[in-house]
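The values are calculated or read from the model by the stated rules, or taken from the named source; none is laboratory data. Since this is a predicted model, take the numbers as computed values, not measurements. Reconstructed Cβ throughout: ideal geometry from the backbone, glycine too, with neighbour counts over all protein chains shown.
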Amino acid sequence: MKNNTIQLFEYEKSKKSLPKIVGNVRKLNKSLFKNDGETGLLNLVSNNRIKAGRYVGIIQVGKQTIEVLPKVLSNLDDNSSSFIRKNLLFMLSYINKLDIKETDIAKLKKTTDLFEIIIHLFAKNLLELLKKDFVKNYNQYENNNNFLKGKLLIAKQIKLNFYNASKFYCRYDIFTENHLLNQIFKATVSKLLKFNVTNQTYKLLSNCAFILQDIQIKKIFFQDCNKIKFNRLNWQYKTIFNLAKLLLFGNSTELLSLNIDSYSIMFDMNKLFEEFIGEFIRRKFKEKIQEIKTPKANEYVFSKPVADNFTRFQLQPDIFIKFNDEKILIIDTKYKELKQDKISYGISQSDIYQMVMYGLRYFDVKEEKKEIILLYPQYDFSVNNQNIELETEKEKIIIKIKTINLHYDLIIEKNILKDELQKILNFQKNS
């Protein structure tokens with residue numbers, strides 16, 4: 001890890017005081033989250049220290065870079081940061097939050113920090129593409145020419161050349177390397193060369209810069225990225241373009257409007273856990289599932305408006321599954337730690353109430369069993385998977401408390417996760 005990077009795990013406090021960034025952290029949280037509480041990208045604690053929250057990734061405030069990693073992706077035999085980063089990158093790529101190939105992640109050995117990895121993979125893959133096929137594209141121009149070229153723009157011709165028959169106001173295309181997509185790549189490479197990266201990554205970036213040396217230097221704005229259209233000439237650059245956009249602007253576009261020297265590639269672990277489990281079920285059990293929605297809405301606590309200016313309170317379970325046999329299952333993921341030493345393992349009363357309401361609204365009244373799963377990640381290696389079953393007597397709503405183990409190499413050992421989810425979904429193996 002680079003010397004100017006501080007590494008934290010979720011909800012861990014920094015060991016040293018960071019007075020130079022406290023003001024900007026406060027501004028970030030107020031602008032993005034409207035408070036300084038536990039929902040911030042970073043949270044402020046006593047003595048000018050910071051505490052990580054539920055967001056993981058990389059955030060740079062001023063000259064200080066902070067990396068936040070999820071402990072739940074560690075491993076008993078290999079509890080290193082490199083192992084956790086690979087698992088995190090896999091989860092992000094699996095749900096298309098990061099456009100990175102699974103094979104590239106699998107090949108990673110010892111890693112420094114997430115930012116370095118993403119930069120390295122961007123530079124490596126961009127260089128391969130540029131060497132293989134330095135993409136050209138059509139740029140559109142409008143000019144007052146001495147000769148007719150392309151399409152004559154009648155309205156502007158009359159306006160500008162009514163008294164000058166020797167001029168032709170035309171719109172035409174030129175097939176060139178100096179187009180917006182390559183200008184975005186050049187701007188990204190130029191920006192990344194200013195960062196403190198490893199010698200290997202710096203060399204890759206320098207080679208990219210050499211190939212792009214004749215491309216016009218242009219200040220790129222976020223809106224420019226929306227102008228890029230992919231076709232048969234440039235489709236192979238779509239993945240690397242998505243990485244370039246991320247490296248130029250980060251994934252928190254709200255930061256662009258703030259007058260703060262900051263940059264972030266941060267992800268909410270609550271949403272990441274929910275989306276990863278949903279997508280994994282969708283892909284691995286598609287032959288058994290008629291419908292899966294993540295999330296599922298269009299149901300309300302109150303079936304019709306109860307009063308003027310009073311909400312019906314929409315329900316939105318994380319994962320709604322209808323199997324081929326018409327059976328329904330609801331899964332609500334909770335990225336929280338179950339505590340062995342707490343009453344009800346620390347499961348909140350409001351979560352149970354919410355599950356009961358799902359049972360009342362999403363299942364047919366005549367249905368014999370209304371199964372809902374509260375799914376938690378397994379935090380502690382020593383704690384066995386929970387398998388608690390609660391049932392409401394009259395409504396026949398069965399709430400199952402389950403935990404899923406993510407403490408292994410998610411790329412190499414995907415079948416372990418599939419087997420665990422197969423048991424949780426109550427499938428018979430090879431059925």
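So here's what we get for this one:
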{"quantity": "Failed criterion for L360 (all others in (1) closer than 30 Å to L88 by Cα; (2) of a type outside the set (V, I, T); (3) at pLDDT 85 or above; (4) in contact with a strand residue (DSSP E or B) (Cβ under 9 Å, 6 or more places away or on another chain) hold)", "calculated": "(1)"}
{"quantity": "One residue from I388, I330, I399, I372 being at pLDDT below 90, of a type in the set (V, I, T) and either touching a strand residue (DSSP E or B) at 6+ places or on another chain (Cβ under 8 Å) or part of a strand (DSSP E or B) (or both)", "calculated": "I388"}
{"quantity": "Yes/no for I352 being buried (at least 19 other Cβ atoms within 10 Å of the Cβ) and either of a type in the set (D, E) or touching a residue at least 24 places away in the same chain (Cβ under 8 Å) (or both)", "calculated": "no"}
{"quantity": "Options N426, N415: the member that is farther than 25 Å from Y11 by Cβ, at pLDDT below 85 and polar (S, T, N, Q)", "calculated": "N426"}
{"quantity": "Count - residues of the stretch 90-121 that are in a loop (DSSP other than H, G, I, E, B) and surrounded by 15 or more Cβ atoms within 10 Å (Cβ to Cβ)", "calculated": "9"}
{"quantity": "Conditions (1) in a strand (DSSP E or B); (2) free of Cβ contacts under 8 Å to residues at least 12 places away in the same chain: number failed by I321", "calculated": "(2)"}
{"quantity": "Wholly enclosed helices (runs of 4 or more DSSP H) of the stretch 168-287 bearing at least 2 residues over 25 Å from the mean Cα position of the chain (by Cα) and surrounded by fewer than 17 Cβ atoms within 10 Å (Cβ to Cβ)", "calculated": "199-211"}
{"quantity": "Flag for E291 being assigned to a strand (DSSP E or B) and either in contact (Cβ under 8 Å) with a residue 24 or more places away in the chain or exposed (fewer than 11 other Cβ atoms within 10 Å of the Cβ) (or both)", "calculated": "yes"}
{"quantity": "Those residues of the stretch 257-287 which are touching a residue at least 40 places away in the same chain (Cβ under 8 Å), in contact with a strand residue (DSSP E or B) (Cβ under 6 Å, 6 or more places away or on another chain) and farther than 30 Å from V22 by Cβ, in sequence order", "calculated": "E274, I277, G278"}
